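Before any comments, here is the structure.
No lab work stands behind these numbers, since they all come straight from the coordinates. Remember, predicted model here, so these are calculated numbers, not experimental data. Cβ placement follows ideal geometry from the backbone for every residue including glycine, while neighbour counts extend to all protein chains displayed.
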Amino acid sequence: MAEKTVLARHEGGMRFVARSGSNHELVMDDARGDTGMRPTEAILAGLTACTAMDVVSIMDKKRQAYDSYVVHTRGVQRAEYPQIYTWIEILHEVVGPEVEVAQVRRCIELSAKKYCPVSAMLSAGDTEIHHRYRVRRTGDQPFEEEGEVVVTGPYQRPDVIRS
């Protein structure tokens, strides 16, 4: 089992600089100070980066050539405390001359159900995550398609989620 560490240094107000065990920093603050990312935004950023890294890695293994890949994530937090995310949508946008929709969908599904630990942790709680795609093929037979791949959570135990 791998242990991860973070040290958060207070710099006044609600500003903290978190340094990871791998020696990288993230500035976090509240809306009043507004000098860094909010902690809940950092959770969305972590989820976005986690699934994006999975999808890129799997697409590369499947030899899916793409010109651009962007992931858009948005979430809804409940009003009462603790203000947890109850709904999140992740939209994977892939553009390329010969991108195959079925392959992109499978990459997203594998990330959502098997590989992304951030998605698994959120899906184990009260959060419903919608994993979506938008593919725009720019080659000889251009087209655009979008849709939902899978919904994970709420209350799906990570050890039970399987592809």
- Relative to the compact globular guide of 2.2 N^0.38 Å, what is the alpha carbon radius of gyration of segment 1-92, as a ratio? 1.33
- Item | Residue-averaged 222 nm ellipticity for the chain, from DSSP H runs of 4+ at -39500 (n - 2.57), nearest 500 | -8000 deg cm²/dmol
- Note on the structure: Percent relative contact order for the chain, counting Cα pairs under 8 Å at least six residues apart, stands at 17 percent
- Check residue 150: other-chain or 5+ apart residues with amide H under 5 Å from its amide H, H built from backbone geometry? 131
- Sketch the reach of a paramagnetic label on residue 49 as a point 7 Å from Cα along Cα-to-Cβ, and name the residues of segment 116-131 whose backbone nitrogen lies under 13 Å away. 118
- Message: Under 5 Å between amide hydrogens, which residues at least 5 positions from residue 87 or on another chain qualify, with H placed 1.01 Å from N in the peptide plane?
- Response: 76, 128
- Rg from C-alpha atoms of the chain, normalised by the globular rule of thumb 2.2 N^0.38 Å, equals 1.15
- In whole Hz, what ³J(HN,Hα) sequence does segment 118-126 give by Karplus (6.51, -1.76, 1.60; θ = phi - 60°), x for Gly and Pro? 5, 4, 5, 5, 5, 5, 6, x, 7
- Note on the structure: Diffing segment 142-154: the Karplus 3J(HN,Hα) column from phi (6.51, -1.76, 1.60, θ = phi - 60°), in whole Hz with x for Gly and Pro, holds x, 6, 9, 9, 9, x, 9, 8, 7, 10, 10, x, x
